[in-house]
Amino acid sequence: MKDFEIVIQNSTGLHARPAKKLANLAKAYQSNIQIQHGEKKINAKSLISILTLGVEGGSTIRITIDGADEEIASRELYQAIEEGLGETEPVQQQTLPNAAETASVSQPVVEDKNDSIIKGVPCSPGISIGPLFQYIRPEIKIKSQFQGVAEESDNFRKAVATACLQLEDIRKKMASSLAQKETAIIEVHIDLLNDSELIKETESQIESGQAASSAWHAVIEKRAAQLQALNDPYLAARVLDLKDVENRVQRILVGAPEETLVLPDYPVIITATDLSPSDAAGFDPRKTLGFCLAGGGTTSHTAIIARALGIPAVVNMGAALLEVKNDTEVVLDGRNGSLLVQPDENQLAQARQIKQQWQDKQRLDKENAAEPAITPDGRQIEVVANIGGIKDACAALKAGAEGVGLLRTEFLFLDREQAPDEAEQHEIYTQILTALQGHPVLIRTMDIGGDKPLPYIKMAPEANPFLGVRGLRLSLIYPDLFRQQLRAILRAVPNGRVRLMFPMVADIEEWRAARRLVEEVRKECASAGMDTGSSPVEMGIMIEVPSAALLADVFAREVDFFSIGTNDLTQYTLAMDRGNPALAAQSDGLHPAVLRLISMTVEAAHREKRWVGVCGELGADPQALPVLLGLGVDELSVNLNAIAPLKAQLRKTNYQAAQDLAKKALTCETAHQVRSLSASFESESKN
Ligand code: PEP
Ligand code: MG
């Protein structure tokens, strides 16, 4: 028998992803493996048991391994835990709508002159008109009549197997059309369904005379209560997953109809209290005109699925929504988050017209995407793409991008056991440069660190990872890894037009150290006879730490350009975690404090004849656009979907008027005031 004590390295502890990794690793060995945390001791091969331990980052667990392969199991488990259990994914971003897609929100479908409008939070743009249908998850009557051990066990096993096949089916469907994050949720469901402890406990209850349906229900209820008792919102969210998994098996056990079958056979706007990931993915897209939820939130699965299907969705509409009867005609506006109930003829005609205009505008913006973005009074803004891989690179020019303004190279480093070697990196940078056909490609060196640890880098857990060793700080601490990336980039230079940028710069010495390394690597390449291009590469830094913005005049003397990362700049200026949904409304890049930093940066840069871009989400926000234009930003780098509408908006916005707007915005007291100013600017420009 082997046993050891170990500290959980990843800051989030044994939550779903690392717990899944640990359980799967344990399952690979024959030995009996137990984890002890405090008084509790559980089977390490059971995901649900690991979750209910509620182990936090930095706490110690004891692992006991007993069996033929205990030696190797002990070594590998130890190493995997030491390395953070694959906690390599970026912190999940909120799934807020693409701001540019929600452009023209200021124009409601109809005047809000009666109380037949229900308001909520928009999360996928578009307008749908049609009958409403409330999706009520069919109530499942737990069966308690016992048919004998053999029959109940058999029914249970078959139900679990069928449920697994259904989930596999959904996973495949999702993998082809939806975000990876959603697929990962279904994978957790599959793991829960196959959890050895859940199965064993249910079978033992069946053996003691309980029907499969009530045994399964009791086992899930017990685990759900344990998770809830841990008082951890993240683990409490797993209760929904457990219930979803329970329902799927129950429906098969009690012969309830598949949920998708209870929808009408004509297209409807679906309303519900909330939707589980498998609900939302299970609806027939041809018959789903939109989603509106009484509950849900900005991180709702519905938002991601709706956007992938290109249909409108609104969440957080409140209980009034559920009072509306099925088949009531409604207009769902995913741009401003409203539902108009029983529109009269006039309202309906108006809604149809606006829907048509919206669709026409979308089409027209796309048709003109390749045209330059020049304001009516002649200021041209470079509109480029934020990309995270080759697929985006291939789509960028078609989307109207004039180049790439941010290549997040992290995708090369995350989710793998070993660092990509120089050859692999070089190949990918080359492919991206080739896809961009000579247009500029701004390559940002790896922005990894505390919140996105890598298994091949040993790092102590950090209490405040966003204030820890990340971005350029990390690159400078691991010069071998950094040099390798720089060599791969520099060797790719002859294939296109590279701009090189460093993330999270807080101090001039960091920039200087990075610049020195680039020069050293370039010389090494030259003496090894490697081609790194004939002219020097443009080099700049991200402005995303307030200290860099405050010292922009110092940096501007040495760098070729700045690109403002408004996501982090807002986070650090307002001291609000960018991933915290509770702060989503306040954490606004249009806050005057952030705008003043942007203004200082632009002025300092222009004095030294340097250009300034914005590559954070703010660049794709239609209300921010005239302000950023007026502050003098030269380049905007946004996600692919935002390019066409952004260019269209720039072509209509007067630069001089935007400068006046920006001046006023700098004197505002709150982000709310800036937004109101911008909204009146937009409506005045229309008149
Ligand atoms: C930013 O911080 O605004 C930015 C563009 O970088 P990232 O979102 O990758 O941190
Ligand atoms: Mg950033």
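The values are calculated or read from the model by the stated rules, or taken from the named source; none is laboratory data. Note that the coordinates shown come from a computational prediction; the quantities given were computed from them, not determined experimentally. Glycine gets a Cβ as well: all are built from the backbone with ideal geometry, and neighbour counts include every protein chain shown.
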Complete set of residues in the stretch 374-388 that are of a type outside the set (V, I, T) and either surrounded by fewer than 18 Cβ atoms within 10 Å (Cβ to Cβ) or within 27 Å of D333 (Cβ to Cβ) (or both): P376, D377, G378, Q380, G388
Flag if M501 is within 16 Å of ligand 2 (Cβ to nearest atom), within 24 Å of G403 (Cα to Cα) and either surrounded by 23 or more Cβ atoms within 10 Å (Cβ to Cβ) or not polar (S, T, N, Q) (or both): yes
Residues satisfying the stated conditions in the stretch 398-415, i.e. in contact (Cβ under 8 Å) with a residue 40 or more places away in the chain and either under 13 Å from S637 (Cα atoms) or assigned to a strand (DSSP E or B) (or both): A399, G400, A401, G403, V404, G405, L406
Yes/no for E603 being in contact (Cβ under 8 Å) with a residue 24 or more places away in the chain and either within 19 Å of D507 (Cβ to Cβ) or away from ligand 2 (no atom under 16 Å from the Cβ) (or both): yes
Subset of the stretch 555-578 (residues that are over 15 Å from F502 (Cβ atoms) and outside any helix (DSSP H, G or I)): R557, A575, M576, D577, R578
Subset of the stretch 608-653 (residues that are modelled with pLDDT under 95 and of a type outside the set (A, V, I, L, M, F, W, C)): G616, E617, G619, D621, P622, Q623, N639, N641, P645
Whichever residue in the stretch 389-410 is within 24 Å of G86 (Cα to Cα) and surrounded by 17 or more Cβ atoms within 10 Å (Cβ to Cβ) and, among such residues, is modelled with the lowest pLDDT: E410
Qualifying residue in the stretch 514-536 (condition: within 16 Å of ligand 1 (Cβ to nearest atom) and part of a helix (DSSP H, G or I)): no
Filter result for I381 (closer than 17 Å to I117 by Cβ, under 32 Å from the mean Cα position of the chain (by Cα) and not in a loop (DSSP other than H, G, I, E, B)): no
Of residues in the stretch 619-643 being touching a residue at least 40 places away in the same chain (Cβ under 8 Å) and surrounded by fewer than 24 Cβ atoms within 10 Å (Cβ to Cβ), the one nearest to the chain's Cα centre (by Cα): N639
Test: residue in the stretch 284-294 that is surrounded by 22 or more Cβ atoms within 10 Å (Cβ to Cβ), in the same structural domain as K158 (by TED's automatic domain parsing) and at pLDDT 90 or above: no
Selection from the stretch 54-63 of residues that are closer than 15 Å to G38 by Cβ and either out of contact with any helix residue (DSSP H, G or I) (no Cβ under 9 Å at 6 or more places or on another chain) or touching a residue at least 60 places away in the same chain (Cβ under 8 Å) (or both): G54, E56, G58, S59, T60, R62, I63
